[in-house]
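Working notes for the structure below.
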Amino acid sequence: MAGRGSTNRVYSGPSFGSRVSFLMLSMFAAMASLYVAGRLWQDAESRVYLITELDRRTGQGHSSISVDDTLKLIACREQQKRLGALHMELEKAKQEGFVSNRVPDNSGNHSKKKLLAVLGIITKFDRRKNREAIRRAWMPTGSALKKLEEENGIVVRFVIGRSENRGDHSDRDIEDENRHTNDFIILNDHVESPEEQAKKTKLFFIQAVENWEAEFYAKVNDDVFINLDAVGAVLASHMDKPHAYIGCMKSGEVFSKPGHKWYEPDWWKFGDGKSYIRHASGEIFAISKALAQFISINRSILRIYAHDDVSAGSWFIGLNVKHVDEAKFCCSSWSSGSVCGAV
C-alpha cells in the first residue's frame, strides 16, 4: 500500500506542472493582447489627430485626402520655394550683368525682327561734317533708312555718348541733330573722352544686342566710307560661322612711351616682344550675335586697353572664336572687291 501511494505521488508532479505552465502562458498571451490593442488604439488616435489637423490647416473641412495627395501638396510647396529662390538669384545676376536684361516676347507681338546686321558708326561731338558726308555718300536718311532695315535687314546708326557737363551745348546739339535725322544711338551712361574709346565700343555692342536681334554687329569709324550692299553680302557669306570675328586682321608694335599717338599704358602685359595680339583693324569689324551676347553678359569683367580694336581682340583671345581675315574689310585703299575706304 505504501509503495502504491508513493508511486501515485510520483506521477502527480507532471500534471501539476503542466497546469501551471498553461496558466502562465495564458497570462502572457492576455498581456500581449492588451499591449497590441493599446498600440493600435494609440495609432488610431494619432491618425485621427493628423487628419483633423490637416483639415484645419488646409481649410478643406472633412474632405478625404489620401497620402499621395498630401505628398503632392508638400512637393508642390517645396517647388514653389525653390522657384522663388531661383527667381531671386536670376534678378541678382541681371543686376550684376551676368545675363541679358532682354526678356523674350511670348505675347505674339514680336517687336524685334531678325536682322542681318546692326552697324554702329562711332562718332564725336565735333564730327558733324563727317556725319553729313556719310549721309550724303552711303548712309540712307529718312524713310530710306527705315526701308534699308525692313528690306535689307541692316540697321545703321551713329554712336555717341554724353558730355562731361551733362546738358551743355554739345548734348543739346546732338539731341537737336537727332530730332531731325533719328539716326543716333546715344549712350546715356558714357561720357565722351578720347581715352574712353574702347569702353564706348563695348557699350555700343551691349546696347545694340539688347535692342536689336541680328546675325552680326559691326563697328565702323566715322572717317570710313563703305558700300552697304557689299558689306551685307560679305556678312551673309559668313552666316555659317556662329562665333565669327570678321575684319582686316593685323598685329603691330606696342608703344610704351607716354605722349606717343598710339601709347599703350598696359604695354608690359604684351610681353618682351611688345607686339599686340592678332586683332581686326578698328576701321570696320564685325562680330556674330553669340560674341555680342558674350560682351553683354560679361561686360563688368572685360578688360579695356587704350585702343578699341586691341580691346575687342583681347576679349575673344581665349574663346573658341573663328578669326576671319577678311581682305574686303581692309580700308587703306579702294582695292578691287574692297567694301570700304578710309578718308
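The values are calculated or read from the model by the stated rules, or taken from the named source; none is laboratory data. What you are looking at is a predicted structure, and each value in this text was computed from that prediction instead of being measured. Because the Cβ atoms are built from the backbone with ideal geometry, glycine has one as well, and the counts that use them run over all protein chains shown. Side chains included, ligands, DNA and RNA excluded: accessible areas come from the protein's heavy atoms. Shrake-Rupley method; radii C 1.70, N 1.55, O 1.52, S 1.80 Å.
Just a few scattered comments:
- Leu203 being open to solvent by 30 Å² or more (accessible area, probe 1.4 Å), modelled with pLDDT of 95 or more and assigned to a helix (DSSP H, G or I): yes
- Note on region 282-320: residues that are open to solvent by less than 10 Å² (accessible area, probe 1.4 Å), over 12 Å from Thr201 (Cβ atoms) and either among the polar types (S, T, N, Q) or assigned to a loop (DSSP other than H, G, I, E, B) (or both) total 2.
- Some residue of region 172-187 being in contact with an Asp or Glu (Cβ under 7 Å, 6 or more places away or on another chain) and in contact (Cβ under 8 Å) with a residue 60 or more places away in the chain: no
- Tabulated pairs, region 211-229, first in contact (Cβ under 8 Å) with a residue 24 or more places away in the chain, second in a loop (DSSP other than H, G, I, E, B) and open to solvent by less than 10 Å² (accessible area, probe 1.4 Å), C-beta under 6 angstrom, 6+ apart or interchain: Asp222/Thr123; Val224/Cys331; Ile226/Val339; Asn227/Val339
- Residues of region 265-281 that turn out to be at pLDDT 65 or above, of a type outside the set (Phe, Trp, Tyr) and farther than 23 Å from Leu115 by Cβ, as a count: 7
- Contacts under 6 angstrom Cβ, first residue in region 307-323 being more than 14 Å from Gln293 (Cα to Cα), partner at pLDDT 90 or above and open to solvent by less than 10 Å² (accessible area, probe 1.4 Å), 6 or more apart: Asp308/Ala198; Asp308/Thr201; Ser311/Ala198; Lys322/Ala244; His323/Tyr245
- Scanning region 207-223 for residues that are assigned to a helix (DSSP H, G or I) and open to solvent by 10 Å² or more (accessible area, probe 1.4 Å), we see that the one that is nearest to Gln293 (Cα to Cα) is Glu210.
- Among the residues of region 230-248, just one is among the hydroxyl-bearing types (Ser, Thr, Tyr) and either open to solvent by 50 Å² or more (accessible area, probe 1.4 Å) or without any contact (Cβ under 8 Å) to a residue 24 or more places away in the chain (or both), namely Ser237.
- The single residue among Ile154, Ile226, Ile174, Ile185 that is surrounded by 19 or more Cβ atoms within 10 Å (Cβ to Cβ), β-branched (Val, Ile, Thr) and in contact with a Cys (Cβ under 9 Å, 6 or more places away or on another chain) turns out to be Ile226.
- Residue list for region 119-149, filter: in contact (Cβ under 8 Å) with a residue 40 or more places away in the chain, within 31 Å of the chain's Cα centre (by Cα) and over 19 Å from Gln207 (Cβ atoms): Leu148
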